[in-house]
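These notes are about the structure you will find just below.
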Amino acid sequence: MAPAFRLRADLDELPAYVPGERPPAGAATFKLSSNENPYPPLPGVVAAVADAAADLNRYPDMAATGLVAALAERLGVGADRVVVGNGSVAVLETLLRAACVPGDEVVHAWRSFEAYPIAVRVAGARSVPVPLTADGRHDLDAMAEAVTPRTRAVLLCSPNNPTGPALHEAEVRAFLARVPREVLVVLDEAYVEFVRDPDVVDGLALVADHKNVVLLRTFSKAYGLAGLRVGYAVARPRLVRGLRAVSTPFGVNALAQVAARVSLRAEDALAERVEHIVAERGRVLAALAEQGWTVPDAQGNFVWLPLGRRALAFAQEAAREGVLVRGFAGDGVRVSIGDHEANDAFLAVAGAWRQQAALR
Ligand SMILES: *Cc1c(COP(=O)(O)O)cnc(C)c1O
């Protein structure tokens with residue numbers, strides 16, 4: 001008998017997005033598996049969201065004009081260069097939908113953000129992964145060589161999730177000089193607020209200088225609004241118009257718009273929290289080095305343990321000790337920077353692991 005309906009034949013082949021493990025109810029665990037901010041939303045945000053909840057019978061501002069204007073002012077760009085979406089991953093999906101037809105190729109580093117290969121395939125395009133270098137960096141030479149006449153976009157992730165290093169200004173400029181201008185170059189700066197590498201690429205300057213560059217940013221990480229889903233792109237007006245044309249109508253909900261606007265006004269509190277997380281990152285890296293670990297440069301709110309085939313064993317061992325981390329089979333373990341106590345709990349697991357490894 002014929003099935004009642006048909007879905008795309010390739011749906012079963014989509015790689016699954018594995019979210020960070022959630023702690024079991026009631027258990028005393030530290031959740032360091034999703035790169036979340038350990039702090040609650042910034043001051044004033046919860047009250048503003050509660051107020052706005054009274055108007056939930058109304059549709060939100062469709063183009064999020066207030067939020068877009070506030071972002072444009074903060075970034076020093078025209079409002080015609082900013083477009084918001086239901087998380088920066090949704091903005092990326094929209095972008096790929098606007099750029100790709102079946103058979104097109106999208107080049108990205110691997111391992112990188114696991115949403116990339118899924119978003120590329122959902123857009124009907126083919127994902128072209130290019131291995132990272134041994135120290136967890138994008139291999140921009142190999143990525144430039146992977147560009148073909150079928151390439152519609154290249155995805156760059158700085159700092160790279162999950163390995164941690166940021167892209168450098170000089171290497172990205174050299175890369176852009178090698179990539180044809182009709183290929184979109186997406187620079188995902190989800191963790192830009194945490195970067196302290198002085199050589200880091202200046203994404204906003206790249207958008208100003210290159211018509212094909214798109215910047216992606218989010219309120220999910222430094223701003224601590226992962227639960228509300230709001231991210232944005234900065235790009236040339238023609239591209240912004242294209243993104244708006246294919247976006248889901250009313251894609252950013254009313255509470256998210258309010259929360260993001262209030263968060264933008266709490267810059268001082270944001271800076272303080274980010275500094276604290278950066279300081280904790282430094283403390284964790286120093287302690288890991290002391291324990292004998294060699295890890296890549298960490299410019300986001302996470303560190304990477306290149307454990308190879310021992311990755312999942314480490315993640316399981318950590319979970320037994322109440323520390324949820326993100327293991328990638330055969331590759332490594334990503335551990336988010338949490339509050340002081342959570343980081344100490346992780347360091348205890350990491351230290352014990354090293355001691356056992358010395359005996360193995
Ligand atoms: C967390 C993360 C995002 C953020 O996604 P949202 O949809 O905005 O929550 C984007 N890119 C990378 C590389 C990330 O790690």
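Which condition does Gln316 not pass, out of (1) under 23 Å from Pro165 (Cβ atoms); (2) exposed (fewer than 13 other Cβ atoms within 10 Å of the Cβ); (3) among the polar types (S, T, N, Q), if it passes all the others? Every condition holds for Gln316 apart from (1).
Being closer than 30 Å to Arg111 by Cα, part of a loop (DSSP other than H, G, I, E, B), open to solvent by 50 Å² or more (accessible area, probe 1.4 Å) and free of Cβ contacts under 8 Å to residues at least 60 places away in the same chain is a property that does not hold for Pro38. Among the candidates Ala50, Ala109, Ala69, the residue that is crowded, with 17+ Cβ neighbours inside 10 Å and either closer than 19 Å to Arg236 by Cβ or not assigned by TED's automatic domain parsing to the domain that holds Pro306 (or both) is uniquely Ala109. Looking only at the range 69-89, residues that are within 13 Å of the ligand (Cβ to nearest atom) and not in a helix (DSSP H, G or I) come to 4 in all. Looking across the range 90-109, just one residue is within 13 Å of the ligand (Cβ to nearest atom), of a type in the set (A, V, I, L, M, F, W, C) and out of contact with any Leu (no Cβ under 7 Å at 6 or more places or on another chain), and that is Ala90.
Within the range 168-187, being within 16 Å of the ligand (Cβ to nearest atom) and touching a Leu at 6+ places or on another chain (Cβ under 6 Å) holds for Val186, Leu187. If you filter the range 157-167 down to residues that are of a type outside the set (Gly, Ala, Ser) and more than 10 Å from the ligand (Cβ to nearest atom), you find that the one that is surrounded by the fewest Cβ atoms within 10 Å (Cβ to Cβ) is Pro165. Within the range 134-156, the residues that satisfy the criterion of being part of a loop (DSSP other than H, G, I, E, B) and either within 12 Å of the ligand (Cβ to nearest atom) or without any contact (Cβ under 8 Å) to a residue 12 or more places away in the chain (or both) are Ala134, Pro149. Residues considered: Pro162, Pro149. Of these, the only one that is of a type outside the set (Gly, Ala, Ser) and closer than 15 Å to Asp331 by Cβ is Pro162.
The values are calculated or read from the model by the stated rules, or taken from the named source; none is laboratory data. The structure displayed is predicted, hence computed values, not measured ones. Please note: Cβ atoms are built from the backbone with ideal geometry, for glycine as well, and neighbour counts cover all protein chains shown. Surface accessibility is based on the protein's heavy atoms, side chains included, excluding ligands, DNA and RNA. Shrake-Rupley method; radii C 1.70, N 1.55, O 1.52, S 1.80 Å.
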